[in-house]
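Notes for the one structure printed next.
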Amino acid sequence: MKKLIFQISMFVMAITAYGQSTATYDVVFTSNWEAHGSLPGSNAHFTELVGATHNKDITFLRNGGIATLGVERVAETGSNGTFSGEVNRAINNGTADQYIEGPNLFFNGTGRTITINDLAVSSEYPLVSLLSMIAPSPDWIIAVNSVSLLDTSDEWIQNITLDLFPYDAGTEEGTTYSLNNPATNPKEPISSIRGISPFNSEKIGTLVFTLKSVDTGGGNTSECTTAVTDFPYNQGFESTLGDWSQDTSDDLDWLINSNGTPSRGTGPDSAIEGTEYIYVEASGNTVGFPRKRAIINSPCFDLTQMSTASFTFKYHMFGSNNMGSIDLEVSTDNGANWTSIWNKTGNQGNSWFSENVDLSPYTNTSIKLRFNRLTGTTWQADIAIDDITVTATSSLVTKNSNTITQPLVSKLKIHANPVQDGILNISISNETKGNYTINNLMGKTMHSGIFSNTINVEKLVSGIYLINVKTKDGAEYVERFIKQ
């Protein structure tokens, strides 16, 4: 098809890594295809999200460039074999580090996602390129080219969110959702088809990279790099999993639902809070049972300055006695190891129950939580979770080393967090003099000076930081803030 060529704001940064390190990211693609009108039938899907981590010496695809045979095969048929061969040749030549292949996305509703967990990215190969076929179509794709996960200061970026738009690979004719069209001869450049029928100007999806951990060569830090710091924390799963995520090493997903589950004689009739809850559908011999596992992971919770903490939730376990079990598990090493801190097995009756789990043994550290569901030997086994709350109280250490426990709201207050205009506004009640330092989460001092109620942080890259304030009488306060 003849196409208009649009400029895209995607570029390759020059990278000079002074010390080799490896960062681990979660990558989530969320579809917005439904914003472009009716999907092309029940077979509408995005094919496997494929790509590579690489350095600046190679480009696998770019706007305005001619598609390689591997990109052509992905765009026209969703076949990844030729493209993976191109990546493997780049690996052998020293310009790429690994081939990436995530799941595909078939639609049985809206708001679906593709997730690649624990993507390891080396500072020698900090660029990521990804693409997926919009299927069925002549040769339409979503793609990102050479996204750098290192910033200009060679720091791993905490979070990147990219809006995605459709592209034509320039290899096959056609202007409708269809396959096996005549080849474009000669090939045309890859180009944006944003705003060209059947697409409008809306994004077709978003791609989010979230930093989980960094290994600087002496082993994984086993610490969360992004974490919940504001308490109480609440999650009711209203239309979304929020900052909870599906595990990829299990058999089943946790599903969002309102009203009853599809199976009779099991599951709740409605949510206990709001209108929706999450549950595991156990139906289907060899599909939902027997002994099928479903895991959902929480975000990190930063309890490093807490003296007490607790996790409260509602659960519903109605069905057959052999419905299996559910565990609440905790990890203090960013998901490397897990310990069960709560467990239930079998039918508990057709009611919602409230549970409160003490997290005080895990204060002074950061933790992750997960619900680990193992189905039994029956389809009547739909276990549900709703209305999650994490509460915490903090410990403030004064100059005479006495520990004072009080609600989380401390004497040091940050006004407007995240910081969006480059000015950090802070206050300390009854204190006016002192010094401050601002550190990143790796402990590197990024800024320091004499305390004032407004601090210019415009030169800090986007991310999470710790501000440490020492007052004139020797008291010390630490708070986290987000620079956007």
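All of the numbers you see were taken from the coordinates with simple rules; none came from a lab. Note that this is a predicted model, so its numbers are computed, not measured. Every residue, glycine as well, gets a Cβ built from its backbone with ideal geometry; the counts of neighbours run over all protein chains shown.
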Legend entry - Label-point gap, in nm, between Asn321 and Gln484 - each point 7 angstrom along Cα→Cβ: 5.4 nm
Inset, instruction - State the dimensionless ratio Rg/Rh of the range 156-267 (Rg: radius of gyration of Cα atoms; Rh: Kirkwood radius). - result: 1.11
Legend entry - Asn159-Thr437 pseudo-label distance in nm [points 7 Å out on the Cα-to-Cβ vector]: 2.7 nm
Legend entry - Note, ³J(HN,Hα) from phi for the range 259-270, Karplus 6.51, -1.76, 1.60, rounded to Hz, x at Gly and Pro: 6, x, 7, x, 8, 7, x, 7, x, x, 8, 6
Inset, instruction - Could you list the square roots of 5 times each eigenvalue of the Cα gyration tensor of the range 410-483, that is, the equivalent ellipsoid semi-axes, sorted largest first and rounded to whole Å? - result: 19, 13, 10
Legend entry - Gyration tensor verdict on the range 341-397 (Cα atoms; rounded if a/c is under 1.5, prolate if a/b is larger than b/c, oblate otherwise): prolate
Inset, instruction - Quick one: plug the Kirkwood hydrodynamic radius of the range 39-185 (C-alpha pairs) into Stokes-Einstein at 20 °C, 1.002 mPa s, and report D in µm²/s. - result: 134 µm²/s
Legend entry - Pairs of alpha carbons in the chain whose separation is greater than 36 Å (percent): 41 percent
Inset, instruction - Please go through the range 34-88 and write out the trypsin sites (Lys or Arg not before Pro) that DSSP classes as loop and that have at most 15 other C-beta atoms within 10 Å. - result: Lys56
